[in-house]
Every structure is written in C-alpha cells, then in structure tokens.
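A short write-up of the structure that comes next.
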Amino acid sequence: MGIIGNLDDPRLPYDYANREKGTVPPDEKRARFQWASEVAYKNVHRIVTRGYDTTELVEQGYGVCDIIFIDFQARIPLEEELKMLNYCMIMALEDGLSSPANMARIVAGSKTILTQAAGASILAFGHAFGAYDAFGKMLNKGLALVEDGKTMAEAAKIIAKENIGQPHLGVSELMLKDPAAGRMIARVEKLGLAEKYIPFMKEVIKAVQELSDEPVDIDMLGAMGSAMFDIGFSPEATWAILAVTRAFAAGCHFMEEMECEPPVRLGEQLTPRELYVGPEDKPVPSLKERDTTVHSGQFATPEDWKKGFDAKQKVRGTGWAIVEDIADPRKMQ
C-alpha cells in the first residue's frame, strides 16, 4: 500500500506506515477520562444525592418535590417552597392537545415505545413553547439593570421595549379569559415567596400594557417561570423540570393513541391535491433541454443578488424567509 496524502511527511510526530496494529497498551502519561459528579453517587449499599441517602429521605417522609430541590439546589426546601413547586408541576403536567401531546401521538403512530414518545414530547420545548430559558435570561437582564441603579419600573420599560411581541415575553393575550396565571402569582405572594422575579414581572406587565395596542396580561409562561425562579430554580433547571413533568401526561396521550388509533405505515398517508399550494404540475424537461429551461442561483451584481434573495424568500420551505438571531456565546449569562 502506498503512502496516502502527506502521511509520510517527516514533520509528523509518528511513522504512519509503521504504526502498531491491534490493541496497544494505554498511554500511562495521559490522564484517562473519568466522570466526576457533585450531584450524586451510587454503590452497592446506597444512592446518595447531594450528601443525602435517598432511601433515608423516603423513609423520613420526603417526597418527589423535595428530591427535586435537593438535586437542583442542593438543599431541603421550606414547606412553602414545596407547596409552590407542587403547584407549578401540577399546572405544567397537563395542557391538553398542545405540542408535547401531539408529538407523542405522532410518534405513537409509528408503533414505537412509550419512552420514545415521552422523549419526543420534551423536544416541543424551545424558545417559543415553554421558553423558560429565554424568559429567564430576559428577566435576569432586567434585574441586572436594577442592580446597576435603574428602578424596577425603568428596567421593566427597557425590557418591554426590547421584547414586545416576542413569544418568550411572558405577557400576551393568551390568558385574558383564564385566571390560572393570575392565581399562580397570588399563590406565590400568599406563601411569602415573591422575592424579586414576581415584583419585577409585575412591572414588566405594566410596561407592556402601556406599549400594546391590544389587551394583554401575564400568561402561563410568565407566571410559572417567575414563580419557579423566585423559589430558587435557574431558567435551565425550570426548563428541564417542567418539560419532564409534561412528559408524564404525554405518556397518557401516547397510550390513548395506541388504544384508539391504528398504526401508520410508511407510504400510507396521502396528501390530497387540494392541500398542495406549490407550483402547478409541469412536464419534466429532458437533460438536453436543461440549459434552456433552468437558471443559475448565482448573481453577478449586488442588485441582482438582492432581487434573487427577495424571490427566494417567497418560496416556502427553502428556509430563506427564516430570520435567526445567533447569540454571541461570550455575552450569554
């Protein structure tokens, strides 16, 4: 076998052609990879999370919500905090035929297993549906302004102006007829847990209402997110806890779909012509006709490129109409 490419270059730190083959002893000079966790450990006698034996926790009467606090915050919660987390998880668990349940049902149609469907339901959570991460970072930015000397009202106006109309704002028209979000805020305050996020969120609501032409108020994202933050959970932890909580009910939707609907086979589902809104049917040109019937996607001048770009944005399914804001990771908190 001849030398491939530059693998015989004398500057390489090894002789490629004469490398050892098969299993070779580990390099003792290099540290081997090893997971190390501050969260938990397990041996043949016990499972320990944040220093607490989980069997002893259960035997003492602690529950699931207690363990969530211990895992995510390394502390045993107050009774009031426990009640609030339980409240949030109950409200998050079932949401009808929303995206997580629908995704679980679609996966069920493939005749798969429940854990795959529950996992698919979690994929529904992003920066619009259940946008706890983006919502939390937004509030943290506002509270940083307060720490720098702004009043809560001033900081809230800045946040409202920057984020109005965004799906992660937490203030919208969604809950105008449903008192659930308002009741959740009232429960946090009744339990004496409204520290800084709930008060700041109230100022954001006022600021958004001043800017909006339509009636708006706090929605479930705004209420549940600020409640979770005020009992000590980070935006990322809130995202994880509530998405997995929703997966419990998604499992129920999966089972109902399996019980009531037949599985869907590859090639079975058809798309009626009346649901197609693309170009009209046309004959396929021969390869010889290609040069006379097609056009290049490249452009010679900036003006032509702009016209071509505008035309591309009108063709759905190409991605050219999607505007993505890429955050600078150096500036992310």
FRET efficiency for VAL277 and HIS127, using Cβ-Cβ distance with R0 set to 22 Å, rounded to 0.05: 0.20
Eligible lysines near LYS306 by straight Cα distance, threshold 16 Å, same-chain separation 8 or greater: LYS314
Set of lysines near LYS21 by C-alpha distance (under 26 Å), chain-local residues within fewer than 8 positions excluded: LYS29
Order of CYS252, CYS260 - criterion: other Cβ atoms within 10 Å of each residue's Cβ, fewest first: CYS260, CYS252
Candidate lysines - alpha carbon under 20 Å from LYS202, same-chain residues fewer than 8 apart omitted: LYS137, LYS141, LYS150, LYS157, LYS161, LYS177, LYS190
Among ALA108, ALA124, ALA300 - extreme Cα towards positive end, dipole of the chain, charges at beta-carbon: ALA300
Region 73-121: trypsin sites (Lys or Arg not before Pro) in DSSP loop, at most 12 other beta carbons within 10 Å: ARG75, LYS111
Lys/Arg +1, Asp/Glu -1 at C-beta; the chain dipole; positive extreme among GLY61, PRO235, LEU266: LEU266
Overall Cα dimensions of the chain, principal axis frame, Å, largest first: 77, 67, 56
Extension gain from ALA311 to VAL39, taking 0.36 nm per residue of separation minus the Cα-Cα distance: 92.6 nm
R0 of 56 Å, Cβ-Cβ distance ARG11-ASP178: FRET efficiency to nearest 0.05: 0.20
Separation in nanometres of the label points that stand 7 Å from Cα toward Cβ, at THR318 and LEU97: 3.5 nm
Where only alpha carbons of region 1-153 are counted, the Rg and the Dmax (Å): 26.0, 74
Electrostatic dipole magnitude of the chain [Cβ: Lys, Arg +1; Asp, Glu -1; Cα centre; debye, to 20]: 640 debye
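Each reported figure results from applying straightforward, stated rules to the coordinates on display, with no laboratory input. Treat the numbers as computed from the prediction; the structure is a model and nothing was measured. When we count neighbours, we look across all protein chains shown, and the Cβ atoms used for this are built from the backbone with ideal geometry, even at glycine.
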